[in-house]
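So the structure is just underneath, and the comments pick up after that.
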Protein chains: 2
Amino acid sequence: MQDGWLRRALEVKRDGGALDDATWTRIIDGYVDGSVEEACVAALAMAVAIRGMDLAEIAALTEAMVRSGDVLAYPRLSERGVRVVDKHSSGGVGDTVSLVAVPLAAACGVPVAKLSGRALGHTGGTLDKLEAIPGVRTDLSPAAFVAQVEGIGCAIAAQSARLVPADRQLYALRDRTGTVPSTGLIASSIVSKKIAGGADAIVFDVKAGRGAFMRTVEDALALSETLVRLAARFGRRASALVSDMEEPLGAAVGTGIEAVEARDFLRGDDRDPRLAEAIFAVVHEMLRVGGVADEEIAPRTLDALGSGAAYERFVQLVEAQGGSRTTVDELSVDGRRTSALAGRSGFVTAIDAVAIGEQARELVAAGGPFAGIRITARVGTPVRAGEVLAECIGDGVPAATIAAAFTVGDAAPAARPLVAKMVRDAQAAVPSNGLRS
Amino acid sequence: MQDGWLRRALEVKRDGGALDDATWTRIIDGYVDGSVEEACVAALAMAVAIRGMDLAEIAALTEAMVRSGDVLAYPRLSERGVRVVDKHSSGGVGDTVSLVAVPLAAACGVPVAKLSGRALGHTGGTLDKLEAIPGVRTDLSPAAFVAQVEGIGCAIAAQSARLVPADRQLYALRDRTGTVPSTGLIASSIVSKKIAGGADAIVFDVKAGRGAFMRTVEDALALSETLVRLAARFGRRASALVSDMEEPLGAAVGTGIEAVEARDFLRGDDRDPRLAEAIFAVVHEMLRVGGVADEEIAPRTLDALGSGAAYERFVQLVEAQGGSRTTVDELSVDGRRTSALAGRSGFVTAIDAVAIGEQARELVAAGGPFAGIRITARVGTPVRAGEVLAECIGDGVPAATIAAAFTVGDAAPAARPLVAKMVRDAQAAVPSNGLRS
């Protein structure tokens, strides 16, 4: 009967009730130290996946997870009252935003401590894209990560195993037990990592659509609201965008070829309009939650891009993480090029982002990081039979297979906004390096 | 991804769907052989506890559990076309029915192979009551159990570890994860053990009320219907009674003092009318599912009691399991007697069966198996202040504490039927020693 409290907690969640803070802490502490058996945590995760959690419970779980490991701080910035920002994407295809937004916000005076992830399923991972640049490392020690953010105002690194170990353990369990899709568990997983990374302010880019984990704008909006309210409970300023993932975001899909696209965007060589819209939306929110006055946000962003300051900041980041200016300047796509052609005339009405993401992964597996797919005909583009829809760079996926991911119909599809919804914290929360206020 | 099928199965149950037979088999086989991790089974149990299972799923789970271990058979009876009956109680206080019904049904010509359990929580266990008789053992080998049923027509024994090992493992997990209350899981646990014990026909006595695991007649009826329909899918004749457990069933509550009550009932020394009603209801159903013609049921039962044949059969059972006629004849309650007295005049309107069950357990723990409680004023009895409500036999629980379990009010309470509902299989299912037809 030593675990009577635990069984009672499971019964409460089974019946749709709520657990108090102390119980969430006891469960997570016990899970990490081995005194709470994994089977009970699995049953709890299933009860939560079906019954849900209220915001107080999500906050208690988040706090318990943060306390399971180290918490980063940026004393040289916080003593000057400067807010450190992080940016999170829920995962998409052709989502090159982070590689551009991180140095761009830093060049605007808002330091960014970006803890990032690997590719998952059909979606790309920022770490993989950055590591495609020769020499670049993302396994920074916590001290090196903090020093880089304090020094040049930006870093993009893998999360250290010492941050939020409970989340690592819980996520792996959820993955095995069919309990990944739960707004409360997803939100606590995301926010705990951002709090542990020391962010004072956070922008969440929540993707919605067939290429995203959230299929509908409604689901993505519910998660966005939970993320912003949860961050606010910890005194973090936050905004969340619900952005479209019915089709790939940028033109480039792969790893290194997305780094090329980011470099071209920052250097001003080529700026895909759709990617630009996403980048500006995210960077504007990063500046806003970072404390930049509304009227300065757009001018500063344009100036940092136009002056080359953002590009210079990107080069500094690459150099700080083991690469060089030359490697950045010389990045280019690499592989035999073939063309995916339209089989009929009409309008591109859909591009299957999951298929494109998986095909790009196969091309990279066969041909290295600078293989992949470049989309030339976005949704809404009029095409004639035989015109190019996309370029295939590398071998292993026939161009005809890539073409099959495109749907060409008779009528132009209705326009979809790139950013469907925006959720901002109502009040300017006080920045804090402590936990919940 | 080796366990992709398992995660998908968990997702289906999470979302309220149903799993096919092969998946249930794969899960149970894997759980027993260690290839399916316990955390996944725990998550599944929670999903089932919340979402439920349809009858086809319950049957598939039941069959997979039966196949996890040995299955008993009674060839000397089945070759003569004789049905072996088992009887199950969902657990109550003062429930002495099995000790009487098993030899009584056997004396009526219906062999009974009774696999029984231990005390659980506040409820008593038939094994504990039987073992209170000096010398009696209940840990019969499967071969000895079968031989005794084939020989003298009745045996009461603990379930061998080789029968339904999956249920043992799953029940222990459910107990730790708050997933015990689930009609499907309860029904599959009960029926799998009866099928593995080789029963051709089964009577389920499902208790309802404050002293039972099922609090309401509605819940007990739902379980009863599932039990009977499930047994029918395996070709087993079955009946289920929903019987009252708002107050203790018999007058005696304890272990050995319930054996004394059973002996007295069989020998004709003392027959509590309420206990008699329960025993006749159960034995009549045992005879019915055992194949006795309707018009013979009541006369045979009365004759077996009146002639002493039922008592002789009880003595034979005790002797076969290590006791003697002398020990049965000399059984008596043992301990200092004090009286629990009414504090006011009126009618007994309620007796808290959970409190009485726990107090009796304490008295037995302190004073041995022949300590306990004998109730003298049942619900509905008019009492005067200072009159005896119950006798306390033994030390360790003050009589006043026992009196506090009785509520005395001004008005006589409305009568409650002892058997609230009866569920019988619609068609005479074909007896079968195979699994599902």
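The values are calculated or read from the model by the stated rules, or taken from the named source; none is laboratory data. If you're wondering where the values come from, they're calculated on a predicted model, not measured in any experiment. Here the Cβ is made from the backbone with ideal geometry for all residues, glycine too, and neighbour counts use every protein chain on show. What goes into the accessible areas is simple: the full protein's heavy atoms, side chains included, and nothing from ligands, DNA or RNA. Shrake-Rupley method; radii C 1.70, N 1.55, O 1.52, S 1.80 Å.
For segment B:294-310, which positions are open to solvent by 40 Å² or more (accessible area, probe 1.4 Å) and not in a helix (DSSP H, G or I)?
B:SER307
Under 7 Å between Cβ atoms, at least 6 apart or on separate chains: pull out the pairs that start in segment A:235-262 with a residue that is over 25 Å from A:VAL348 (Cβ atoms) and end on any residue that is open to solvent by 10 Å² or more (accessible area, probe 1.4 Å) and of a type in the set (Phe, Trp, Tyr).
Between residues of segment A:235-262 that are over 25 Å from A:VAL348 (Cβ atoms) and residues that are open to solvent by 10 Å² or more (accessible area, probe 1.4 Å) and of a type in the set (Phe, Trp, Tyr), the close pairs are A:GLY256/A:PHE370.
Of all residues in segment B:148-185, which are β-branched (Val, Ile, Thr) and either within 14 Å of chain A (Cβ to nearest Cβ) or in contact with a Ser or Thr (Cβ under 7 Å, 6 or more places away or on another chain) (or both)?
Residues satisfying the conditions are B:ILE156, B:VAL164, B:THR177, B:THR179, B:VAL180, B:THR183.
Could you tell me which of the residues B:GLY209, B:GLY198 is open to solvent by less than 10 Å² (accessible area, probe 1.4 Å), touching a residue at least 12 places away in the same chain (Cβ under 8 Å) and under 14 Å from B:ALA420 (Cα atoms)?
Only one candidate passes the filter, namely B:GLY209.
Let's see how each residue does on (1) among the hydroxyl-bearing types (Ser, Thr, Tyr); (2) on the phi > 0 side of the Ramachandran plot:
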| residue | (1), (2) |
| --- | --- |
| B:LEU6 | no, no |
| B:GLU11 | no, no |
| B:GLY16 | no, yes |
| B:THR25 | yes, no |
| B:SER35 | yes, no |
| B:ALA45 | no, no |
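Between A:LEU61, A:LEU127, which is more than 14 Å from every other protein chain (Cβ to nearest Cβ) and either closer than 30 Å to B:GLY16 by Cβ or touching a Cys at 6+ places or on another chain (Cβ under 6 Å) (or both)?
Just one listed residue meets the conditions, A:LEU61.
Given (1) within 29 Å of A:ALA212 (Cβ to Cβ); (2) open to solvent by 50 Å² or more (accessible area, probe 1.4 Å); (3) within 24 Å of the chain's Cα centre (by Cα), where does A:ALA320 come up short, assuming only one miss?
(1)
Among the residues that make up segment A:157-180, is at least one of them within 17 Å of A:SER90 (Cβ to Cβ) and open to solvent by 50 Å² or more (accessible area, probe 1.4 Å)?
yes
Is at least one residue of segment B:126-137 aliphatic (A, V, I, L, M), open to solvent by 20 Å² or more (accessible area, probe 1.4 Å) and modelled with pLDDT under 95?
No, every residue in segment B:126-137 fails to be aliphatic (A, V, I, L, M), open to solvent by 20 Å² or more (accessible area, probe 1.4 Å) and modelled with pLDDT under 95.
Could you check A:VAL84 against (1) at pLDDT below 95; (2) under 27 Å from A:ALA119 (Cα atoms) and say which number it fails?
(1)
Strands (runs of 3 or more DSSP E) wholly in segment A:175-286 with at least 2 residues that are among the basic types (Lys, Arg), modelled with pLDDT under 95 and more than 18 Å from the chain's Cα centre (by Cα) - which ones?
Filter on segment A:175-286 gives an empty set.
Among the residues of segment B:19-55, what is the count of those that are among the aliphatic types (A, V, I, L, M) and at the interface with chain A (Cβ under 7 Å from one of its Cβ atoms)?
8
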